[in-house]
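Colleague: Dropping the structure in here first, questions after.
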Amino acid sequence: MFEDIVWFLLLIPGAFVLGWLASRLDVVHWRIENRRNPKAYFKAMNFLVNQQIEDALQNLIEAIRINPENKELPHILAGLLQRSGDWDKTLSLYNQLLHRSDLNDQERLKVIFSMAECYYFAGMYSQSSQYYQNLLNTSYRQLALKGLLRVSERTKNWSQALSLSTQLADHKTSKHHYWCEEGKLVAISEGAKEIFQKVIEDTPKHPRAYMELARWYADNRDYHSAFDTLWVIFENMQYYAPLVCCEILGYAQHIGQESKVFQAVEKLFQKNRCVDFARTLEENGHSKPSSGEYFMQMMRQSESLLAALLWVQPFNFLHDEQKLVHKILQHKSQDLDSYRCSHCGLVTKKFYWQCVGCKSWDTIPPLRLGEL
Ligand SMILES: [Zn+2]
């Protein structure tokens, strides 16, 4: 009994010492954690979440000052600076990071890639190319190839884009567009015709090369061939027919084939109440001035605001109130007659194969916003 009490008394200071040691360890751990992610870092993240970029920047700079060994913080800061368009500071930050002796090979490659991207977004394409080139024999090869491809597209170096696209493993190919762009560069020479014909052979289900080839024939006053080439789209790629219905009618007028085109457009319009078909039929129809009948058919089917606007277009509004209503209608529905990129949402009056906003290919449907 006495021995038990002695043991018990001895255990009390032992437990006290262990408790003290544990609390010391906690403090040390907290200090290490705090050094790894200083309070300024959390503040910066908080500002970032609230879109207060300037405050986030100041706190990140402070976090880097407290913890200069951290290799991730400069990347976050550089990303923020890049977002603000401060290219000089971003690049200088990456340069400092690149010359640090404690970077391993992989970390160094990451910095080089970030610099290539930064130069690209700053529009400094030759510097960007150089940095991407430095990554071609590394684990960043595929990313570097994609970067170089973007640079080639921006600088309209289509032959280089073609060569790069063949080296990319998982790239959704836009080769036919590169060929077409290359063909357009050689303009009316026979070389352009051969390029377009080759693209048609390679990608017979894409309409672009047919359209380019038809224009080539038209530029060379061969309207029969221009007509026949576009006719393939009318027969086999009707989704894209709205893009060419007006153009093919122009070629048809040269060779006396208008009625063939009218019949075809009329047939397509019955299947798809598309505004480009309606416009072609109204503007070039037999009744002058246009009766508005096709726009009316569109309205009956889908209450199309765009069709309504086109229907009232030829009216001669005399009273100020009428003019005001017309002006408001026009203003509110102006985008309906435009195209929209399905990737970035950019709205454009003109149709593009490559979106002028996000630079994606084939992301703009050939239909007006008012019809989608
Ligand atoms: Zn886009």
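Colleague: Go through (1) part of a loop (DSSP other than H, G, I, E, B); (2) within 26 Å of Gln257 (Cβ to Cβ); (3) without any contact (Cβ under 8 Å) to a residue 24 or more places away in the chain; (4) not hydrophobic (A, V, I, L, M, F, W, C) for His206 and report which single condition fails.
Modeller: Unmet for His206, out of (1) part of a loop (DSSP other than H, G, I, E, B); (2) within 26 Å of Gln257 (Cβ to Cβ); (3) without any contact (Cβ under 8 Å) to a residue 24 or more places away in the chain; (4) not hydrophobic (A, V, I, L, M, F, W, C): (3).
Colleague: While we're here: Being among the hydrophobic types (A, V, I, L, M, F, W, C) and surrounded by 21 or more Cβ atoms within 10 Å (Cβ to Cβ) is the requirement here; does Ile255 meet it?
Modeller: For Ile255, the condition - among the hydrophobic types (A, V, I, L, M, F, W, C) and surrounded by 21 or more Cβ atoms within 10 Å (Cβ to Cβ) - is not met.
Colleague: Can I ask one more? Given the conditions (1) part of a loop (DSSP other than H, G, I, E, B); (2) crowded, with 22+ Cβ neighbours inside 10 Å; (3) among the aliphatic types (A, V, I, L, M), which single one is not true for Ala187?
Modeller: Among (1) part of a loop (DSSP other than H, G, I, E, B); (2) crowded, with 22+ Cβ neighbours inside 10 Å; (3) among the aliphatic types (A, V, I, L, M), Ala187 violates only (2).
Colleague: Also: So which residues in the stretch 354-372 are in contact with a His (Cβ under 6 Å, 6 or more places away or on another chain) and more than 8 Å from the ligand (Cβ to nearest atom)?
Modeller: Trp361
Colleague: Please name all residue pairs, on different chains or six or more residues apart, with Cβ atoms under 6 Å, provided the first residue is in the stretch 249-276 and is in contact (Cβ under 8 Å) with a residue 24 or more places away in the chain and the second residue is part of a loop (DSSP other than H, G, I, E, B).
Modeller: Here the result reads Val275/Arg368, each pair linking the stretch 249-276 to a residue that is part of a loop (DSSP other than H, G, I, E, B).
Yes/no matrix, rows are residues, columns are (1) touching a Pro at 6+ places or on another chain (Cβ under 9 Å); (2) at pLDDT 90 or above; (3) within 24 Å of Lys350 (Cβ to Cβ):
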| site | (1), (2), (3) |
| --- | --- |
| Trp216 | no, yes, yes |
| Asp222 | no, yes, no |
| Glu247 | no, yes, yes |
| Arg273 | no, no, yes |
| Asp276 | yes, yes, yes |
| Ser287 | no, no, no |
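Colleague: Report, by residue number, each residue of the stretch 141-169 that is closer than 16 Å to Lys359 by Cα, of a type in the set (D, E, K, R) and either assigned to a helix (DSSP H, G or I) or touching a strand residue (DSSP E or B) at 6+ places or on another chain (Cβ under 7 Å) (or both).
Modeller: Matches in the stretch 141-169: Lys146, Arg150, Glu153, Arg154.
Colleague: Another question, then. Suppose we keep only residues that are outside any helix (DSSP H, G or I) and free of Cβ contacts under 8 Å to residues at least 24 places away in the same chain within the stretch 86-122. Which one would you say is nearest to the chain's Cα centre (by Cα)?
Modeller: If we take residues in the stretch 86-122 being outside any helix (DSSP H, G or I) and free of Cβ contacts under 8 Å to residues at least 24 places away in the same chain, then Asp86 is nearest to the chain's Cα centre (by Cα).
Colleague: Which condition from (1) part of a helix (DSSP H, G or I); (2) of a type in the set (Gly, Ala, Ser); (3) under 30 Å from Lys156 (Cβ atoms) is the one that Gly357 breaks?
Modeller: Looking at each condition in turn, Gly357 falls short on (1).
Colleague: Here's another thing I want to ask about it. So which of Leu336, Leu305 is touching a residue at least 24 places away in the same chain (Cβ under 8 Å) and surrounded by 17 or more Cβ atoms within 10 Å (Cβ to Cβ)?
Modeller: Leu336
Colleague: So how many residues does the stretch 337-353 have that are farther than 21 Å from His206 by Cα and either away from the ligand (no atom under 12 Å from the Cβ) or among the aromatic types (Phe, Trp, Tyr) (or both)?
Modeller: Of the residues in the stretch 337-353, 3 are farther than 21 Å from His206 by Cα and either away from the ligand (no atom under 12 Å from the Cβ) or among the aromatic types (Phe, Trp, Tyr) (or both).
Colleague: Does the stretch 268-276 include one or more residues that are part of a helix (DSSP H, G or I) and among the aliphatic types (A, V, I, L, M)?
Modeller: Yes: the stretch 268-276 contains one or more residues that are part of a helix (DSSP H, G or I) and among the aliphatic types (A, V, I, L, M).
Colleague: Given (1) in contact with an Asp or Glu (Cβ under 8 Å, 6 or more places away or on another chain); (2) more than 20 Å from Tyr178 (Cβ to Cβ), where does Gln334 come up short, assuming only one miss?
Modeller: (1)
Colleague: Within the bounds of the stretch 302-315, is there any residue that is farther than 25 Å from Gln270 by Cβ and of a type outside the set (D, E, K, R)?
Modeller: yes
Colleague: Then there is this: Of the numbered conditions (1) at pLDDT 90 or above; (2) on the phi < 0 side of the Ramachandran plot, Asn316 fails exactly one; give the number of that condition.
Modeller: Checking Asn316 against (1) at pLDDT 90 or above; (2) on the phi < 0 side of the Ramachandran plot, the one that fails is (1).
Colleague: Would you mind finding the one in Ala169, Ala192 that is loosely packed, with under 14 Cβ neighbours inside 10 Å, more than 27 Å from Trp87 (Cβ to Cβ) and in contact (Cβ under 8 Å) with a residue 12 or more places away in the chain?
Modeller: Ala169
Colleague: I'd like to check something: does the stretch 132-140 contain any residue that is surrounded by 19 or more Cβ atoms within 10 Å (Cβ to Cβ), out of contact with any strand residue (DSSP E or B) (no Cβ under 7 Å at 6 or more places or on another chain) and within 30 Å of Gln52 (Cβ to Cβ)?
Modeller: no
The values are calculated or read from the model by the stated rules, or taken from the named source; none is laboratory data. Computed from a predicted model, the values in this text were never measured in an experiment. All Cβ positions, glycine included, derive from the backbone under ideal geometry; neighbour counts span all protein chains shown.
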